[in-house]
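Reviewing the structure listed below.
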Amino acid sequence: MAAEKKDVLVFVFEGFADWESAYVCTELNGSARYRVRTVGLDGEPVRSMGGLRVVPDCTVADHPRDFAALLLIGGNVWLDGSNDAVLPLVEEALASGAAVGGICNAASFLAEHGFLDERAHTGNTLAYLKQCAPHYRGDALFREEPAVSDRGVVTANGAGTLEFACAVLSLLEAKPDDDVREWYRLHKEGFYPAS
């Protein structure tokens, strides 16, 4: 009998950057170990930047209590406090040992709330992170890399969608490392080298 799949929660909101979640969600949801579930501030449908309408599977208040990871996808509203109600879910994830991923402006949110002050991390640039997160104190641990994983937290800049996916897949052991590297190579280079 196959083991029950563990939930990976993906936070969706009005204007989320749908492409930043596409690669990682496809691979996780197709794995033998994980199932992707969307979580919203409430149960109301949201529309992504790309115009995709998503009805959250659950809310911040009624999410599954046993989940493997929480993924925070980029979008402009991270910068105006509109998503601050997800903060207790981030704290719960880290306290329970679940992985947390933040890409693009979601990394700025993590920085603003102190989650990156003592972890190696990245973001859209150090200057941008400091501008968007005035309470951020982790600049000595900032790395100029597309994605960084440290002690259960994955961060990525907005152009690091594939690297974000690889870091999350590796952290969750959703695929063997060799398979993750081959998957990355295929999606980065394609079937034929670019001319």
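The values are calculated or read from the model by the stated rules, or taken from the named source; none is laboratory data. Quick caveat, the model's predicted, so the values are computed rather than measured. Cβ sites come from the backbone with ideal geometry, for glycine too, and all protein chains shown count toward neighbours. Heavy atoms of the whole protein, side chains included, go into the accessibility calculation; ligands, DNA and RNA do not. Shrake-Rupley method; radii C 1.70, N 1.55, O 1.52, S 1.80 Å.
When the helices of the chain are scored as -39500 (n - 2.57) per DSSP H run of n ≥ 4 and the total is divided over every residue, the value at 222 nm lands at -9000 deg cm²/dmol.
Charge tally around Phe109: other residues with Cβ under 11 Å, Lys/Arg +1 each, Asp/Glu -1 each, net -3.
Mean sequence separation of contacting Cα pairs (under 8 Å, at least six apart), scaled by the length of the chain, corresponds to a relative contact order of 19 percent. Placing +1 on each Lys and Arg Cβ and -1 on each Asp and Glu Cβ, with no other charges, gives segment 10-125 a dipole about its Cα centre of roughly 420 debye. Solvent exposure of the chain amounts to 49 Å² per residue of accessible area, where only protein heavy atoms count and the probe is 1.4 Å.
Protection proxy ranking for 165-172, 51-58, using the average of other Cβ atoms within 10 Å per residue and placing the highest first: 165-172, 51-58.
3J(HN,Hα) along segment 55-69, derived from phi through the Karplus expression 6.51 cos²θ - 1.76 cosθ + 1.60 where θ = phi - 60°, amounts to 9, x, 6, 7, 10, 4, 7, 10, 6, x, 7, 10, 10, 8, 7 Hz, with x in place of Gly and Pro.
Each peptide among 67-79, 98-110 gets the average number of other Cβ atoms lying within 10 Å of its residues, and from highest to lowest they stand as 98-110, 67-79.
Beta bridges per DSSP, both residues in segment 1-133: antiparallel share near 10 percent. What are the lysines whose alpha-carbon lies under 24 Å from the alpha-carbon of Lys188, with same-chain residues fewer than 8 places away excluded? Output for Lys188: Lys175.
What net charge do the residues around Pro45 carry, taking every other residue with its C-beta under 14 Å from that of Pro45, with Lys and Arg at +1 and Asp and Glu at -1? With Lys, Arg at +1 and Asp, Glu at -1, the neighbours total -3. Highest mean packing comes first when the peptides 155-164, 27-36, 120-129 are listed by Cβ atoms within 10 Å, giving 155-164, 120-129, 27-36. Look at the Cα gyration tensor of segment 17-87: its axes a ≥ b ≥ c give a/c of at least 1.5 with a/b at or below b/c, and that counts as oblate. Along each principal axis, taking the top coordinate minus the bottom one, the Cα set of the chain gives 42, 41, 33 Å in descending order. Summing Lys and Arg as +1 and Asp and Glu as -1 over all other residues whose Cβ lies under 13 Å from the Cβ of Val148 gives a net charge of -1.
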